[in-house]
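Working notes, structure below.
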Amino acid sequence: MANNHAHARTHAPAPLGGSLLTPFTLLLGVLSAIAGFILVYRFFYGLGAVTNLNDGYPWGIWIAYDVVVGSAFACGGYVMALLVYIFNKGQYHPLVRPALLASLFGYTLAGVSVIFDLGRWWNFWHIFWPGYAQVNSVMFEVAVCISAYIVVMWIEFSPAFLEKLGMKDVKRKLNKLLFFFIALGVLLPSMHQSSLGSLLVIFGQQIHPLWQSGALLPLIYLMTAILLGFAVVILEATLSSTGFGRPLETKVLTPLSKIMLGLLAAYLALRILDLLWRGALGTAFAFTLEAGMFWIEMAAFVVPLALLAPASARRSASKLFAAAVMLLAGGMLLRINGFLVGYQTGDGWHYFPSFAELMVTVGIIAFEILAYIVIVRKFPVLPAAQPATR
Amino acid sequence: MSETYIEETAEAADKVAGRLGINRREFLQFCAATATTLGLPTGAEAAIAKAVEKAQRPSVIWLHFQECTGCSESLLRAEHPTLEKLILDVISLDYHETLMAAAGHQAEAARKAAMKAHKGKYILVVEGAIPVKDNGIYCKIGGHKAIDMLKECAADAAAVIAIGSCASWGGMPSTDPNPTGASSVGDVLGKPVVTIPGCPPNPYNFLATVVHFLTFGSLPAVDQLGRPKFAYGRIIHEHCERRAHFDAGRFAMEFGDEGHRKGYCLYKLGCKGPETYANCSTIGFGDAGESNWPVGCGHPCIGCTEKGVGFTKPIHQTAVLRGMMPPASYPRIVEEQGKASFAAAAALAAIAGAAAGGAAMLAKNLGKHDAEQQPQQKGE
């Protein structure tokens, strides 16, 4: 391990350089622009003009995907900070800054997406205002906690900007305080990622028994958020290595995947025991959409467990990547199933996102990737490394 | 029917009426009503009258745990024919915390004495749920925990009857998160008992069960949940006076609207009649006429007798229809709402396909890279 560490990265982060204008960034730009256009339309003509939201489904993919899944996909920064600064695993340090950057955009856009979904969006500040806020609500906890975490993450990430701008004095002073923000940066996601699960607790009967785990929901959402954090670090490290023609970071990712494997086994045990304990597993054998979605979700968790079980598989970049992608799909399905597929507010109500809604979500993802590419090319995020030798 | 039989019945009725200080007609009406409630054939009212006249007066021990005493109250407030007089005449109520004159140690002594004197012959009636969490410390009477008291009294009882939803399946105290671990009598004793669920249950259902025991020496036939079939064999919706409105698609859409004032079906206001087993729609409450029950008064049924419905589902959430749908030619109860477009479905499928395809291609390329790395790693 020590050898690995020395071998891996002693280089400080440095801007990647290179051209910003490629066919890929152009495509991302076009997708972002389409989303921007739809959103302008939405703010002028209202939600009904753009979305398929209705009285039975007052929220759709802009909340279920952009906020709930989006913020869980953005847990890379949280998980890396947890490993490096709390469990003192210094060998993962090179992964912190890129993971934090991905989280920064994921969370910021998740926070902004809430405003897109608010009918009377100009009142969004009410939730922060003491006279208006309903302090006993789970939604309040989620809103305040996510907002605070976004601010904390920008502060955590600011050394990258300060280095670029040459503000060494400010950076030195900030470094003395940074431990406080890092601690907050671990505490806050633990709070709101579990609270996103608590949101479903209060829906009670309206959530299908396969996803209504009651008091265990916060734990289930927190465990999968951490799992998704690991998976997204593997995905992001692999994509930036292949995309920017840099050497693969498999040697750092292998021990990471071992932790992920343990957590995945624990999560699956908890999930299945909970279903058995509540007597809900029977509903999975009915011929329904919910049951079908449940099995796809479970497969997306079980296959990576089998895939990564042999030690040799965890050293294979392709298997690590495949497992990470499947876990991301599983974590996404758990949330989509809980918040939309298994959510029934009354007979006769249906929801399927409109084309415009989908394009906004696609545009937001495109914008995240675009912003990531721009930042890593212009600011010191990725560790300086020799060009790929393969 | 022979003349002597009628005379005997009349004689029995006279005796009971004299004993209770009520008139004979009222008593015979009661016998007939009970026989009807039980679904018994003509002539049964005579058997009932005779059984009541003989009045073996079985000893009854009535326990109260986590409840509101509403079950006892509904029994005492029944009006015709002075039901409380009858019930106190046909049974010997040896222990009932609300009604007995004794207090303190005297009360407990009465219970012990009754249990000893009528060992194996007394009827145990339980009202209220039993807390089992933390060793059952959340309900104590005379220093004894509810769970201990129930087990002690049930051991030598001839029959155990759970009255009210709390005793039958946990009822309101067992609502999530159920902080005291409120459990039903059946769960605590680990065996099925006769249950008369309801909040409160109709007093006639309880009385008819007791009278059945007196008349035939056995408890009435029950379903798998221990509910007497004569009272809980059918869904409320089946015999609801507003059923015709349901079938015709005429619904009250909100309280006070035209449909509500005209007495239309309350299904869309959340009536749980279609998933609740009870005879409320046929016998009514409080002896004040058939319109006197929740739906008759214009409020949707909350499903108080049914586990998993009453105190669990939101009151105004629409009920699950159990095996009954109006004919297809009638207006639909539920209008399908919300829209989906083919373009959006196609776009989502394309995105999912592209993501899966991209991931698969990348994994394949990485696989080639792994293959190249493998010999190197072995060499290291």
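Laboratory data are not the source of any read-out in this text; all were calculated from the coordinates shown. In this text the structure is predicted, and so the values were computed from the model without any measurement. Cβ sites come from the backbone with ideal geometry, for glycine too, and all protein chains shown count toward neighbours.
Shown for the range A:62-356: lysine pairs separated by 8 or more places, or found on different chains, whose C-alpha atoms are under 25 Å apart, numbering 11.
Can you give the angle from 0 to 90° between the axis of helix A:317-336 and the longest principal axis of chain A, with both taken from C-alpha atoms, to the nearest 10? Helix A:317-336 sits at roughly 30 degrees to that axis. Loop-located chymotrypsin sites (Phe, Trp or Tyr not before Pro) in the range B:209-283 (DSSP state not H, G, I, E or B) with no more than 16 neighbouring Cβ atoms inside 10 Å: B:F255. Summing Lys and Arg as +1 and Asp and Glu as -1 over all other residues whose Cβ lies under 14 Å from the Cβ of A:L187 gives a net charge of -2.
Just the Kirkwood number for the range B:228-374, please: inverse of mean 1/r across all distinct Cα pairs, in Å, one decimal. Across the range B:228-374, the inverse of the average 1/r is 18.9 Å. Peptide B:333-340 shows a mean partner chain C-beta count of 6 within 10 Å per residue C-beta. Rounded, prolate or oblate, given the Cα gyration tensor of the range A:182-291, with a/c below 1.5 counting as rounded? Prolate shape, in that a/c is at least 1.5 and a/b is the bigger ratio. Once the Kirkwood radius over Cα pairs is known for the range B:150-191, the Stokes-Einstein relation at 20 °C and 1.002 mPa s delivers a diffusion coefficient of 198 µm²/s.
Of the chymotrypsin sites (Phe, Trp or Tyr not before Pro) found in the range A:238-311, those that fall in a DSSP loop while having at most 13 other beta-carbon atoms within 10 Å are A:F287. Near B:I137, once Lys and Arg are set to +1 and Asp and Glu to -1 for all other residues with Cβ below 15 Å from its Cβ, the sum equals +1.
A cut-off of 5 Å between modelled amide H atoms, ignoring neighbours fewer than 5 places along the same chain, links B:L63 with B:V125, B:V126, B:E127. Centre-to-centre, using Cα atoms only, the range A:110-173 and the range B:192-267 are separated by 55 Å. With neighbours defined as other Cβ atoms within 10 Å of a residue's Cβ, the residues A:I63, B:I236, A:I259 order from fewest to most as A:I259, A:I63, B:I236.
The chymotrypsin sites (Phe, Trp or Tyr not before Pro) of the range A:103-179 that meet both conditions, a loop assignment by DSSP and at most 16 other Cβ atoms within 10 Å of the site Cβ, are A:Y132. With semi-axes defined as the square roots of five times the eigenvalues of the C-alpha gyration tensor, the equivalent ellipsoid of the range B:55-232 measures 23, 20, 16 Å, largest first. Helix A:355-378: angle to the longest alpha-carbon principal axis of chain A, degrees 0 to 90, nearest 10? For A:355-378 against chain A, the angle is about 10 degrees. Mean 1/r over all different Cα pairs, inverted: what Kirkwood radius does the range B:218-293 give, in Å? About 13.6 Å, per the Kirkwood formula over Cα pairs.
Computed over the alpha-carbon atoms, the range A:83-226 gives an Rg to Rh ratio of 1.03, Rh here being the Kirkwood radius from the mean inverse distance. Taking every C-alpha pair closer than 8 Å and separated by at least 6 residues, the mean separation divided by the residue count of the range B:234-332 gives a relative contact order of 31 percent. Cα centroid distance between the range A:277-312 and the range B:130-186, in Å? Comparing the Cα centres of the range A:277-312 and the range B:130-186, I get a distance of 38 Å. Along the range B:217-231 the Karplus relation, 6.51 cos²θ - 1.76 cosθ + 1.60 evaluated at θ = phi - 60°, assigns HN-Hα couplings of x, 9, 7, x, 4, 10, 8, 5, 9, x, 8, x, 5, 5, 9 Hz to successive residues, with x for each Gly and Pro. Binning the alpha carbon pair distances of the range A:29-117 at 10 angstrom intervals from zero yields the distribution 16, 35, 26, 15, 8, 0, expressed in whole percent. With contacts defined as alpha carbon pairs under 8 Å and 6 or more residues apart, what's the relative contact order of chain B in percent? Here the relative contact order equals 12 percent. Relative to the longest principal axis of the Cα atoms of chain A, the long axis of helix A:168-201 makes an angle of roughly 20 degrees.
Relative intensity of chain B on a log10 scale, I(q)/I(0) at q = 0.06, 0.10, 0.11, 0.13 Å⁻¹, equals -0.35, -0.73, -0.84, -1.09, per a Debye sum over C-alpha point scatterers of equal strength in the absence of solvent.
With N as its number of residues, the range A:256-390 has a Cα radius of gyration that, divided by 2.2 N^0.38 Å, comes to 1.37. What would the Debye equation give as log₁₀ I(q)/I(0) for the protein assembly as shown at q = 0.06, 0.12 Å⁻¹, counting only Cα atoms as equal point scatterers? One equal scatterer on each Cα of the protein assembly as shown leads to -0.54, -1.30.
Near the amide H of B:A159, within less than 5 Å, lie the amide hydrogens of B:L124, all on another chain or at least 5 residues away, with H placed in the peptide plane. Quotient of the Cα radius of gyration of the range A:1-160 and 2.2 N^0.38 Å, N being its number of residues: 1.29. Based on the Kirkwood approach, the hydrodynamic radius assigned to chain A is 21.9 Å, with every pair of different Cα atoms included.
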